[in-house]
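> Mind having a look at this structure? Questions to follow.
Just so it is clear, none of the values below were taken in a lab; they were calculated from the coordinates. Model, not experiment: these values are computed from the prediction. Every residue, glycine as well, gets a Cβ built from its backbone with ideal geometry; the counts of neighbours run over all protein chains shown.
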Amino acid sequence: MKKEQTDNLSPETDLLTFLGTAGARVMVAHQILASGGLWLDLGGTQVLLDPGPGCLVQATKRKLDPGKLQAIVLSHRHLDHSGDINVMVEAMTDGGFKKRGILFCPGDAINSDDPVILKYLRGYPERIEILKEGQRYTVGDFFLSTPLRHQHGVETYGIVFETSRHTIACIVDSKYFDALCTAYKAELLIINVVRLESGGPYEHLSVPDAEHIIKEIKPKAAILTHFGMTMWRAKPWEVASVLSQRTGTQVIAARDGMKFDLAELSKSD
Ligand SMILES: [Zn+2]
């Protein structure tokens, strides 16, 4: 007899889908690259990180059903991360008819004078968790932690996802500081690398920063994403290839729509 199909299509798999790889103003405003954030299928539990502009379109186009999301995580309130947060909360909860899912966000996404989470839909998720530095949260059968508050103007937290199979660290937007090299020990490191060159007043990581962080953390693999214009002009896949040679770690440039199965990591053991 054929095994019955269930919603939980991949109980032993951790699969990432990049719904966008654009970072910062110009790339997002012109949609040179998409800006929909990262969709994680962690053993069948669906989680969304940083639903930027176009997230709903990118997700549905790729047959990812927002109605199956168990959690939406917002690292910080900047528009390239939060543009679609409200519509994704609506989609996760069937417009509020199904009270379900958890929304994780920094306090200033809710409690500032200019909140990005609309008040009328705050009662739609099962609950809202306010992210704080050094916390660990349980979602279904995995953990989500926020080891560090980043240096990025608004309240910003990097995110670590731990399943029974893998650990994935997402170093989101930040100015470089040394703690980034110790707080994100993981098998897979995802780094928002907006800029090609270091220096300047920018609160974003550059390629030299990423090289240093990867050398310090030594993950099994690193994925670069969230590209600004200087990175895009330099061809991220070529930058990644150079970084692979220089760090001795497999470094991959994310592409819009790219899927990454964490089982790939075990193969390199
Ligand atoms: Zn930002």
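> With bins 5 Å wide starting at 0, give me the P(r) of the range 102-158 over every alpha carbon pair, in whole percents.
Here the calculated profile for the range 102-158 is 4, 17, 27, 23, 18, 9, 1, 0.
> Could you tell me what percent of the DSSP beta bridges with both partners in the chain are antiparallel, to the nearest 5? Walk me through the numbers before you get to the answer.
Numbers: 27 of 55 bridges.
In the chain, DSSP labels about 50 percent of beta bridges as antiparallel.
> List the residues whose amide H sits under 5 Å from the amide H of Val251, counting only those 5 or more places along or on another chain, with H placed 1.01 Å from N in the peptide plane.
Residues meeting the amide H criterion: Ala222, Ser244.
> With runs of 4+ DSSP H residues as the only contributors, calculate the mean residue ellipticity of the chain at 222 nm using -39,500 (n - 2.57) per run, divided by the residue total and rounded to the nearest 500.
On the way: 9 runs with 61 residues, N = 269.
The helix-only estimate for the chain comes to -5500 deg cm²/dmol at 222 nm.
> With r as the distance between the Cβ atoms of Val242 and Asn86 and R0 = 30 Å, compute the FRET efficiency 1/(1 + (r/R0)^6) and round to 0.05. Spell out each step's value before the answer.
Values: r = 39 Å, r/R0 = 1.31.
Result of the calculation: an efficiency of 0.15.
> While we're on this one: In terms of Cα to Cα distance under 16 Å, which lysines are near enough to Lys68, apart from those fewer than 8 places away along the same chain?
Leaving aside lysines fewer than 8 places away in the same chain, those within reach of Lys68 are Lys98, Lys99.
> Kirkwood hydrodynamic radius, computed over distinct alpha-carbon pairs, for the range 207-265: how many Å, to one decimal? Don't skip to the answer; put the middle values down first.
Working: mean 1/r = 0.0846 Å⁻¹.
For the range 207-265, inverting the mean 1/r across all distinct Cα pairs yields 11.8 Å.
> Let me ask you something else. In the range 14-96, which trypsin sites (Lys or Arg not before Pro) are in a loop and have at most 16 other Cβ atoms within 10 Å, using DSSP for the loop call? Working shown, then result.
Values: sites: Arg25, Lys61, Arg62, Lys63, Lys68, Arg77; in loops: Arg62, Lys63, Arg77.
Loop-located and lightly packed - Arg62, Lys63.
> Next question. Just to be sure I follow: if Rg is taken over the C-alpha atoms of the chain and Rh is the Kirkwood radius over the same atoms, what is Rg/Rh?
0.95
> For a paramagnetic label modelled at 7 Å from the Cα of Gln135 toward its Cβ, which residues of the range 87-113 fall within the zone defined by backbone nitrogen distances under 17 Å?
101-112
> Relative to the compact-globule scaling 2.2 N^0.38 Å, provide the ratio for the alpha-carbon radius of gyration of the range 1-129. Provide the component values of the computation, followed by the final result.
Numbers: Rg = 14.9 Å, N = 129, 2.2 N^0.38 = 13.9 Å.
Cα Rg divided by the expected 2.2 N^0.38 Å: 1.07.
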